[in-house]
Each structure stands twice: as C-alpha cells, then as structure tokens.
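Reviewing the structure listed below.
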Amino acid sequence: MPPPPVKAHAVHHCSFCTKTTIFTRKGSHLRHLENKHDMKLVSAKRGVELEAPPGYVVVESCETADTVLFCCPSCPRMDICLESIGKHLVQHLESVAPDSPLQTEMHASKSSIRSRSPSPSSPSVKRHCRSHDDAVLHACQLADASDIDKKKTLFIVDALSLKPLSVMANGVESNALAHPHVIQQAVADAASVRAVGLTKRTFYAADSSKNACGHCCVEHPVALQQLITSSPYRRLLETRHFVELTPDLGLLLNRDWLIHPQLKHAAAQLLAGAILLNSSNGQAVMVNCVEVYGRTKAIDAHREHFGSIKGHTMDTSLPPPIPIKYKDVWPTTLSTGDGPKLIIGSQTCNALVTSSMRLDRRELPSVGATTFSFSLSERSDALATQIFFDMESVQRALEIANDTTATAIDVIHLVGQLRQLNSKYDDLTTYFLCRASGPITKAHQCQPYSLFTLHEFDKGRSAAAALFNGVAASVIANGRDALLRRDDIQDALDASTGNVSKIINEIMALFKDEQDTIPIIKNTALSKILEKLPPLLHPIIATANKSVQSAINATFNVA
C-alpha cells in the first residue's frame, strides 16, 4: 500500500531576494521580477492547473499543510527546492536588462540547463537535494567508497555529533559537516544554505547502532525535521512520529466537557509529548507532563481566574480575537506570583505544562508549575509557535474521546494522574484524573511529584504526604462516598512532629465519639485544615523533583 501523499501549500516566493519575499499571486511575482531584478518573464496561461511533484498534493490552507511547494509564475511547475525554481525561471526569460547583476548568471544558467535537457524521447529527470547519508558521504568524498567504509564514516560522523549542511550555488549542491548550532546560524543567515534532514530508510538500510528503531525514522514537516536533525536528542526524536495540530485535533481541545466529560482526559493525553516550536527564534520544547483545567466554575473548581484586579484586566490563556495559526488554540506564557507559567489555552480548557525539555539545545528539564527555559510572553512569539503532537498520544486521545465511559487517561498509576492542587479538597473536581505524561517520560520516575504522590518518594517520609495519598486513593475508589478513617489519622499522628502534628490533631478533633470515619467530599471543615499542609510540603516536593530532573535527563540521553 503506497504511503499517503504529502500535503503541501503552494507559495510564490522570490528566488533571488536575500530576504523572504512572498506573493499571493503569480502576477505580483512576475512584476516583482521585472521591476526589482530587471527580468521579464513570459506570462502564464490562464486556467492552467499547478503540477505538484509526485507524492505531493496541494491544499488550500497552510494550517493543514505539512510543507510548502514553490511555484513558477510562468508555468504550472512546482518544486520543493526554491533554488530549483530559480534555475528553472531562466527558461521563461523574455528579456533581461544588460546592466542587471543577474545577466551573467542567468545566461550561464540558461546555457547549462539547455545543455543538460533530455531529448524528446528521453524521460525527464527531476533533481532532488541529497539525503542525509548521501550528504555526509559527499562531504567526506566517499560517495564511491565500499559499503563497509560508508558505514564506518556514518558511524564516526554521528558519534562526533556532526550534521550535514547543503549549499546550493548555480544549481549545484555542495555539502559540508558542522555542529548543529553552526548549521542553525548558517541557515538563518543564508537562504541558499539548509540543514539536511534524516529521511526515512528501510529496516535493512537502517543501522541499529545509530537509531533506536529502524522502522521509526519518518519524514516530518520541514521546520520540525530541521529541529530534529540539529537537536542534541536526534536519535531519540527520530524514533517518534509527530503531526502538526489540525483543525480536527483543535476541535478535540474545544469540545464541551459538560456534554462530553471524557474529553478532559483526552485533552491531557493529546498534549502530552507535544513539541512547541517557535519558528521566529528556533527555540523548542517537548511537553513532558501537562495538567488540564476547565474554563468555568460549573466544570472545574480550579478554573483559570478571569476578570479585573484594581481596574486592570487579568491576563488569561484564552485565544485572542485576532487571526492566529491554530483556530481556538493558543500557546502562551502567563506571569504569576509563582513565576512564568507555560500554558496552551483553548475556549474550553487551559493546559498547564508542568514538565518540559528544551530540544534545540542541551539544558536541564523544567519540572514544576513554572517554566523559565521557554517563554511565549510576547504575542509575536506565540503567533510564531507551531504545535506538533506525538502520534502515539494522538491515537490514545482519540480512543479516550470515543469512549463515553472513560474516567481516566490510563489504568496505570491513577494517583499520578491527579493535578498538583493546594485547595478545595472537599470538591470532587479536585480529583479529576487529567494529568498526562508523554510517551518518552511515561515512567513514574520521570513524572513530577504532587501532594498526592509525594508519599512515593524514596528519600524521606512525611506523615502529611501519606495522608494526602490516602485521601486521593479513597476518592478515586469511592467518589462522592469517599471516607477518611480515624485509624489512618491516628497512624499519621503517631508518625508526625511539629506543625504537621498540630494540624493532624485538628483533623482528629473532627471525629466525634465512637465515630470511625468522616466524609471527604463536601466536608468544608476537613478541607480547610488540609489546606494548611501544602506549604509545609512544597520544599519537599521541590527536592523530590530534582530526582525527576535527573531521570528525565537520563531518558533523553539514553539513545
């Protein structure tokens, strides 16, 4: 079964300007070439449909496209390489000014193209940029070497963390090797230089010493492929398959939780493992762990607050009323008293990123409610940010969305799916199971600790942590009928000291004579006492999360 065609958006882009110059119509493109570059091209015929290269299909919206195809303004031809279109244009030259700086180049290019043109009886040959491995071998002058020498060379280059880059000059490709950061700078500074992505190989062609799985090396949209190619975690990322946020997936984040309660779990799963890529500066993070919250009080007692304070409107993660890249989905950073929080907002929910990893450079992961390593506080950065979902998360999210009986993200580690919350322990919405971790950080040692899971931390024990773990387990198992046992409070009291002991004594006072249990849900008095404990546990959580940082770092560097 052949693979599905790549979705591409058609653009008219000047091949000769040093800055990005894009046109909405071919007529504007033709006028620009004549007025700016003194090149008069033959006008295109009306009503002729564009011809996409084999394996590509043209789509109207750039939001649903995987890549772009560059258009010739004089004929139906399209190409994935802008340089190829630039060379192709000389075939349509009607005239070019003698004093134009492009005169010599265009004349040479046109002669070269004519000399290489196949005869009418010969099949036409389409030129493509070299693949990742071919570019490495050409850079090392080993294109004609034996298979053994080629494998050795590819292994050595990979071990040195060098990547190939491609330089196009007069239609001829040259290759060199450089460090990813050097390539990023070169690609940003020169339009003729591009990073060479590692494209999909067959299982037998893939070298298991270089890739975690030969089956899993897939092609991605250009911007994402360049990130993966230059990422210090390339080997790991190449084992994953990512897709850009589509309108249908955006709708999944915006459907009503009141009517479709299972979607709170689906939304968390969908965003777990996602990549946020800021195309304006090349910075990118993977969302390792995310907690989702409903928008209204009727849905979630811990909704994001809105309104005004002292006459100033509060900042929210709601999508702004302007044209944005993804309809009703808005990645942003909100400044709070705790610090900057990275949030992905929709009309129905907002997702707080509680663990993330920079992908464009080596840096310790962010673990906790605040994210300092990646900021979208400026609207321009948020507008420039692309969102890519891990296909494993997409498939699982769709399964949850179609299961109207779903009450959790997974059957594994239910307490770990509770959000980190410091209040309203008498409200059932506090115990929503809508915190999800991505496929790479699914192991429990890679998940941030919360009040409900701190009891699982190996180093150090806390009676308060054990109490919260027991409360959570009771509510998950029994819902509205959850009870707190006197014996459990006595055990916690025996194991506690200092301020924790005083607070637990207050809980014990809630039990009347001969009363062995008290309710948890709608027990405001119990909730008010429990709310005194989180400030005492936050320093322990911060310490525990350092071990999570180490575990995530080791996971990303294992490949």
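The values are calculated or read from the model by the stated rules, or taken from the named source; none is laboratory data. Model, not experiment: these values are computed from the prediction. Reconstructed Cβ throughout: ideal geometry from the backbone, glycine too, with neighbour counts over all protein chains shown. Ligands, DNA and RNA are excluded from the accessible area calculation, which covers all protein heavy atoms including side chains. Shrake-Rupley method; radii C 1.70, N 1.55, O 1.52, S 1.80 Å.
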Please turn the phi angles of region 524-536 into ³J(HN,Hα) values with the Karplus equation 6.51 cos²θ - 1.76 cosθ + 1.60 (θ = phi - 60°), one per residue in order, whole Hz, x for glycine and proline.
4, 4, 5, 4, 4, 6, 4, 5, 7, 7, x, x, 6
In whole Å, what is the distance between the alpha-carbon centres of region 66-87 and region 255-286?
33
Run the simple label-point estimate for residue 542 and residue 59 please: 7 Å along Cα→C-beta, distance reported in nm.
4.5
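Rounded, prolate or oblate: which one fits region 427-559, using the alpha carbon gyration tensor with axes a ≥ b ≥ c (rounded when a/c is under 1.5, else prolate when a/b beats b/c, else oblate)?
prolate
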Under 15 Å Cα-Cα from residue 36, which aspartates and glutamates qualify once same-chain neighbours fewer than 8 residues away are excluded?
99
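Using a 1.4 angstrom probe on heavy atoms only, work out the carbon and sulfur share of the accessible area of region 420-559 in %.
On the way: 3340 of 6700 Å².
Ligands and nucleic acids excluded, carbon and sulfur give 50 percent.
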If amide H atoms are modeled at 1.01 Å from N in the peptide plane, then the residues at a separation of 5 or more from residue 256, or on another chain, having amide H under 5 Å from its own are none
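Which net charge results for the neighbourhood of residue 281, defined as the other residues with beta-carbon distances under 13 angstrom from its beta-carbon, given Lys and Arg at +1 and Asp and Glu at -1?
Within the 13 Å Cβ shell, the charges total -1.
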Measuring with a 1.4 Å probe in the full set of protein chains, what accessible area per residue, in whole Å², belongs to region 496-548?
54
Residue by residue, what Karplus-based ³J(HN,Hα) values in Hz, rounded to whole numbers, does region 408-413 have, using 6.51, -1.76 and 1.60 with θ = phi - 60° and x for Gly and Pro?
8, 7, 8, 7, 8, 6
For region 449-517 and region 527-559, distance of Cα centres in Å:
19
Here, trypsin sites (Lys or Arg not before Pro) of region 359-420 satisfying both criteria (DSSP loop; at most 16 other Cβ within 10 Å) are 361, 362
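Restrict the search to region 457-515; then list the trypsin sites (Lys or Arg not before Pro) that DSSP places in a loop and that have at most 15 other Cβ atoms within 10 Å of their Cβ.
In loop regions of region 457-515 (DSSP not H, G, I, E or B), the sparsely surrounded trypsin sites (Lys or Arg not before Pro) are 459, 461, 512.
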Which links in 502/528; 512/532; 264/297; 87/150; 502/522 stretch past 26 Å when you go from one Cα to the other?
87/150
For the peptides 323-334, 50-61, what is the packing order when you average, over each peptide's residues, the other Cβ atoms within 10 Å and list the highest mean first?
323-334, 50-61
Taking 0.36 nm per residue of separation between residue 524 and residue 35 and subtracting their Cα-Cα distance, the length gained on full extension comes to 168.6 nm
Low-density loop GluC sites (Glu not before Pro), region 492-559, at most 12 other Cβ within 10 Å, DSSP non-H/G/I/E/B, are 514
Note on region 1-87, DSSP bridge orientation, antiparallel percent to nearest 5 equals 30
